[in-house]
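S.K.: I have a structure I would like to understand better, so I am pasting it below and will then ask my questions one at a time.
Readers should treat all values here as calculations from the given coordinates under stated rules, not as data from a laboratory. Values in this document were obtained by computation on a predicted structure and should not be read as measured data. A quick note on method: Cβ atoms are made from the backbone with ideal geometry, for glycine too, and the neighbour counts reach across all protein chains shown.
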Amino acid sequence: MKSSLAIVATVLLCAGASLVGLSIWALPQRSEQMAADPIVLGTIPSANHTPSAFAARLHAGSVSPPAMFSVSNFTRKTVCLVERGAALTSRSRDFFAPPDCEEVWPGLIRATTWTQHEDGSVTISDPGGATLLTLVRGRHFSYEVTDIPGADLALLMLP
């Protein structure tokens, strides 16, 4: 019984000594709590801060990586590859169609912008902003043309 009482007393004494030590150690820290940590402060942008062009392009590239699509015209039985590039804005991306895509869909080689809408549809437009194709999401990673009656055209994302 005496040994268990000695153990409990020792534990309480050590706990009390630890509490006193931590209290003393924390006293100088309280005055420093008002000062901001320079490392953390440097990562928080100020209200009037505008990101550099490099930072904006880096962010855009990480949000929207380039993707390759095969464009298939089932009526003409032709196929070509197009590229959806990095983000231009939160909804728009670069778009490139090589010259061989003219056989797949006339005017597709003029396309420069891929715009994703909130409803999931996509508009492919030329440099003047004129819509060349409007696509809706199909199954899995495919898109199908909806705005041109009789057009049997589909885009399939490649791995």
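S.K.: Could you give me the ³J(HN,Hα) list for region 136-152, computed from phi with Karplus coefficients 6.51, -1.76, 1.60 and θ = phi - 60°, whole Hz, x at Gly and Pro?
M.R.: Using θ = phi - 60°, the values come out as 10, 5, x, 7, 6, 10, 10, 10, 10, 6, 10, 8, 10, x, x, 7, 9 Hz.
S.K.: Mind ordering 126-139, 8-21 by average Cβ neighbours within 10 Å, highest first? Spell out each step's value before the answer.
M.R.: Details: 126-139: 13.9, 8-21: 10.0.
Packing proxy ranking, top to bottom: 126-139, 8-21.
S.K.: Tabulate in residue order the Karplus-calculated ³J(HN,Hα) for region 92-100, using 6.51 cos²θ - 1.76 cosθ + 1.60 with θ = phi - 60°, rounded to whole Hz; enter x for Gly and Pro.
M.R.: Running phi through 6.51 cos²θ - 1.76 cosθ + 1.60 with θ = phi - 60° gives 10, 9, 4, 9, 9, 10, x, x, 5 Hz.
S.K.: Taking the simple approach of a point 7 Å from Cα along Cα-to-Cβ for both Arg91 and Leu5, what is their distance in nm?
M.R.: 8.1
S.K.: Tell me which residues come under 5 Å, amide H to amide H, from Thr112 once H is placed; ignore anything under 5 positions away on its chain.
M.R.: The list, which skips near neighbours in sequence, is Ser125, Asp126.
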